[in-house]
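K.L.:
Take a look at this one; I'll ask things after.
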Amino acid sequence: MSSVVATEKSPWGWGTLLTVSFLAGFVAGGIIAGINWRRMGKHSLVWPTIILSMAVFILFVWFMPATVSNSIANFIGLVFAGALWWWQKGYYREWKESHPEAKRAGWQIPLVTVIVILGLIIGLFFL
């Protein structure tokens with residue numbers, strides 16, 4: 001893998017990505033994964049990751065039969081989040097090795113992302 005030039009902020013680990021995806025869906029996980037690319041210095045992958053997660057979500061909702069339970073939908077979301085993490089893990093390890101003094105990433109952006117996505121879901125489906 002090539003050397004990457006990263007920003008001053010630490011990327012989030014797999015636990016944050018899976019937690020956000022479980023709580024608010026894989027669009028939120030895709031947003032966090034996109035921001036992770038930026039934090040690891042891979043700016044060209046930010047928007048493709050976010051757009052990919054939105055496209056997968058739209059296809060998922062479009063083709064999902066009404067009989068699919070929430071637990072199956074959550075499982076599919078976690079599988080997608082795991083795939084996003086698998087895509088990033090090598091770059092994440094490289095970033096961590098080249099920044100041993102880096103602090104852990106903050107929780108504010110994932111929390112706000114979860115709140116906004118859940119607010120949109122409530123607004124679109126329940127109001």
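What follows is calculated from the coordinates using simple rules that are stated; it is not laboratory data. A quick note: this is a predicted structure, and the numbers were derived from the prediction, not measured. Here the Cβ is made from the backbone with ideal geometry for all residues, glycine too, and neighbour counts use every protein chain on show.
K.L.:
Quick one: in the range 104-127, of everything that is in a helix (DSSP H, G or I) and not hydrophobic (A, V, I, L, M, F, W, C), which residue is farthest from the chain's Cα centre (by Cα)?
P.N.:
It comes out as G123.
K.L.:
While we're on this one: With respect to E101, determine if the residue is of a type in the set (D, E), assigned to a loop (DSSP other than H, G, I, E, B) and either loosely packed, with under 15 Cβ neighbours inside 10 Å or free of Cβ contacts under 8 Å to residues at least 24 places away in the same chain (or both).
P.N.:
yes
K.L.:
Which of the residues spanning the range 78-98 are over 18 Å from I58 (Cβ atoms) and either part of a loop (DSSP other than H, G, I, E, B) or of a type in the set (G, A, S) (or both)?
P.N.:
Within the range 78-98, G82, G90, S98 meet the criteria.
K.L.:
Shifting gears a bit: Among the residues of the range 90-98, is there at least one that is farther than 15 Å from L17 by Cα and surrounded by fewer than 10 Cβ atoms within 10 Å (Cβ to Cβ)?
P.N.:
Yes - at least one qualifying residue is present in the range 90-98.
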